[in-house]
Amino acid sequence: MEKKDIKKVLLLGSGALKIGQAGEFDYSGAQALKALKEEGIHSVLINPNIATVQTSKDVADTVYFQPVTPEFVERVIEKERPDGILLSFGGQTALNCGVELYEKGILEKYGVKVLGTPVQAIIDTEDRDLFVKRLDEIDVKTIKSEACSTVEEVQKAAHELGFPVILRAAYALGGLGSGFCDNEEELLAQAEEAFSFSPQVLVEKSLKGWKEIEYEVVRDQYDNCITVCNMENFDPLGIHTGESIVVAPSQTLTNSEYHKLRALAIKIIRHIGIVGECNVQYALDPNSEDYRVIEVNARLSRSSALASKATGYPLAFVAAKLGLGYGLFDLKNSVTKTTSAFFEPALDYVVAKIPRWDLTKFHGVKRQLGSSMKSVGEVMAIGRTFEEALQKGLRMIGQGMHGFVENHEIKIPDIEKSLHEPTDMRVFVVSKALKIGYTIEQIHQLTMIDRWFLQKLKHIVDIDQQLKEYTHLSEVSEFMEPSEFREYLQSPEVVLLLRAAKVYGFSDFQIARAIGLENRMNMEQAGLTIRKWRKMLGLVPTVNQIDTLAAEYPAQTNYLYLSYL
């Protein structure tokens, strides 16, 4: 089907609002609808979730507030008679529904063409046996696993692979039904839960402790490929990526590791035949360049929304255009409107995604984190340094925190256990451990968090300790004349320390609390006092744009961030 023959397109939304689904995929669906509107194509959206942008007035031409299931979608197809259907923009729900429509012959019956990635490619990535076989064809390593359909098969596979193992429910979203098992008892309990979510359960050899890396890859029908962004989990493998702090671009990979995984991602997407965008997740051995491909999402994912906002490259918008038959070379950078979209963004800043939990609202819920997702949202922060981005993000997660340090005292009865068995408070447990004298090596052995990240966190604690040595500033400011104090404040040591604190993400209030100002005035006044001192010293932030090519087109982008570096 030619582009000119596509007059009406059906887009499957992400279904009812639930953890790991719906809200996270609103961005991709809204962007796809925007791309269809630009092409003058009539868009039909089916999505029961009214709390989304994509269901707002004038985003889609026709909206059906119906469940994203084959029965309801078939009735919409029968009525609307679309020329094409987009499956990749509504998460796992839309993908599963699209595969069912294809297998039942409904798409063929009504002459509906699947735009973008072919359904067989989707099935190849979703069915674990097929996925492993397809990647074996090009000598790409996957995690050794067995697909099982009964508890007996699960037991047999676990004993063949050897404990510890991880169980995953196939075709499930947000890691539902998955978990690590160290013995037979845990295996049986986890198998029962996994089979409640899916008829197929995957038993895999555990690689707990390896690094988790992701690449966002785009391919057009002419076999042109780019990797738009790569990301690294702060936490090692064993914690769902939706539960982990994620950093873009990767910070601890060597040049060799980065390019090896990038080349593999392009090799995979070409072999499977994905058209549009996909997400390749790796486990990487921290002590060598050994790797395993965990999974390939032949769709937009939560990570895709993060990558789009982190780089300024509209992945969903581009993927929709590629699904309509465009090549990467046909499309323009949506910010500049002149340069090509056939480029890989270069980041001279760090982006941190930090998950947000509401576990205190649920009685009896286990606070331990694992391979099944519990977070209800996430925040994204941008800075010139990892420390700055992290501290900005921690202030925004709604837990009353001011950053990595200078928070209200958190009671942790057993720090060693809390480091070894991660909870939603894990990053603050690391902060407490560093403050009471745990070494980087001790924390690394208990958490398997990369030493590079731990060194950066120790750097924040060190700056905090240096600030605490300047408590006399809050005292002398009271009895000195303003002109005298300005001169006193301008000593090189004070200027350098205040600047370092701001460069590495300290808020004015964090600085005020560290030097004891909070003991002399209320919180708001303390923060404003530090702000006044900064302005006195000329320590003010700069406004940065994440797409440097957009300098001539400031009205075209909202991707701005403040930094002191």
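The values are calculated or read from the model by the stated rules, or taken from the named source; none is laboratory data. In this text, all values refer to a predicted model and were calculated from it rather than measured experimentally. We place every Cβ from the backbone using ideal geometry, glycine too, and count neighbours over all the protein chains shown. Heads up: the accessible areas ignore ligands, DNA and RNA and are worked out on the full protein's heavy atoms, side chains in. Shrake-Rupley method; radii C 1.70, N 1.55, O 1.52, S 1.80 Å.
Within the range 372-392, is even one residue under 16 Å from the mean Cα position of the chain (by Cα), over 30 Å from TYR313 (Cβ atoms), open to solvent by 10 Å² or more (accessible area, probe 1.4 Å) and at pLDDT below 75? There is at least one residue in the range 372-392 that is under 16 Å from the mean Cα position of the chain (by Cα), over 30 Å from TYR313 (Cβ atoms), open to solvent by 10 Å² or more (accessible area, probe 1.4 Å) and at pLDDT below 75.
Remark: LEU207 matches the filter, which requires a residue to be under 24 Å from the mean Cα position of the chain (by Cα), touching a residue at least 12 places away in the same chain (Cβ under 8 Å), farther than 21 Å from ARG302 by Cα and open to solvent by 20 Å² or more (accessible area, probe 1.4 Å). Only residues that are closer than 27 Å to LEU498 by Cβ, open to solvent by less than 70 Å² (accessible area, probe 1.4 Å) and more than 28 Å from the chain's Cα centre (by Cα) were counted across the range 433-461, and they come to 1.
Could you say whether any residue in the range 41-57 is assigned to a helix (DSSP H, G or I) and surrounded by fewer than 19 Cβ atoms within 10 Å (Cβ to Cβ)? No: the range 41-57 contains no residue that is assigned to a helix (DSSP H, G or I) and surrounded by fewer than 19 Cβ atoms within 10 Å (Cβ to Cβ). Please tell me if ALA263 is surrounded by fewer than 18 Cβ atoms within 10 Å (Cβ to Cβ) and farther than 22 Å from ARG168 by Cβ. Taking the combined requirement at face value, the residue satisfies it.
Go through the range 170-188 and report how many residues are at pLDDT 80 or above and open to solvent by 20 Å² or more (accessible area, probe 1.4 Å). Give the steps one after another, and end with the answer.
Restricting attention to the range 170-188, the residues satisfying the condition of being at pLDDT 80 or above are 179-188.
The next check asks that each one be open to solvent by 20 Å² or more (accessible area, probe 1.4 Å); those that pass are 180, 182-186, 188.
Within the range 170-188, residues that are at pLDDT 80 or above and open to solvent by 20 Å² or more (accessible area, probe 1.4 Å) number 7.
For the range 401-420, the condition of being within 19 Å of SER244 (Cα to Cα) and open to solvent by 50 Å² or more (accessible area, probe 1.4 Å) holds for at least one residue. Quick check on my filter: what residues within the range 462-475 are open to solvent by less than 30 Å² (accessible area, probe 1.4 Å) and either farther than 16 Å from ALA526 by Cβ or among the acidic types (Asp, Glu) (or both)? Passing the criteria: ILE463, ASP464.
With a requirement of 1 or more residues that are farther than 18 Å from LEU300 by Cα, the helices (runs of 4 or more DSSP H) lying completely within the range 94-186 that satisfy it span 106-109, 128-136, 151-161.
For the range 285-297, the condition of being touching a Ser or Thr at 6+ places or on another chain (Cβ under 6 Å) and open to solvent by less than 10 Å² (accessible area, probe 1.4 Å) holds for at least one residue. For residues that are assigned to a loop (DSSP other than H, G, I, E, B) and β-branched (Val, Ile, Thr), scanning just the range 314-345, find the one that is most open to solvent (accessible area, probe 1.4 Å). Result: THR338.
Among the criteria (1) of a type in the set (Phe, Trp, Tyr); (2) touching an Asp or Glu at 6+ places or on another chain (Cβ under 6 Å); (3) more than 22 Å from VAL132 (Cα to Cα), the one TRP210 does not fulfil is (3). Say whether the condition of being of a type outside the set (A, V, I, L, M, F, W, C), in contact with an Asp or Glu (Cβ under 9 Å, 6 or more places away or on another chain), closer than 24 Å to ARG302 by Cβ and not in a strand (DSSP E or B) is met by at least one residue in the range 17-24. Scanning the range 17-24 turns up at least one residue that is of a type outside the set (A, V, I, L, M, F, W, C), in contact with an Asp or Glu (Cβ under 9 Å, 6 or more places away or on another chain), closer than 24 Å to ARG302 by Cβ and not in a strand (DSSP E or B).
Residues checked against (1) touching a residue at least 12 places away in the same chain (Cβ under 8 Å); (2) closer than 21 Å to GLY242 by Cβ:
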residue: ILE123; (1), (2): yes, no
residue: ASP136; (1), (2): no, no
residue: VAL140; (1), (2): yes, no
residue: GLU146; (1), (2): yes, no
residue: THR150; (1), (2): no, no
residue: VAL154; (1), (2): yes, no
residue: ALA157; (1), (2): yes, no
residue: LEU167; (1), (2): yes, yes
residue: SER178; (1), (2): yes, yes
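Among the candidates ILE166, ILE213, the residue that is at pLDDT 90 or above, within 27 Å of ASP450 (Cβ to Cβ) and within 25 Å of the chain's Cα centre (by Cα) is uniquely ILE213. The residues of the range 512-524 that are part of a helix (DSSP H, G or I) and under 36 Å from the mean Cα position of the chain (by Cα), listed by number, are ALA512, ARG513, ALA514, GLU518, MET523, GLU524. Being buried (at least 21 other Cβ atoms within 10 Å of the Cβ) and either in contact with a His (Cβ under 8 Å, 6 or more places away or on another chain) or not polar (S, T, N, Q) (or both) is a description that applies to ALA307.
Residues in the range 76-85 include at least one that is touching a residue at least 12 places away in the same chain (Cβ under 8 Å), open to solvent by 10 Å² or more (accessible area, probe 1.4 Å) and at positive phi. Inclusion of THR447 among residues that are closer than 30 Å to PHE25 by Cβ, modelled with pLDDT under 95 and among the β-branched types (Val, Ile, Thr) is not warranted.
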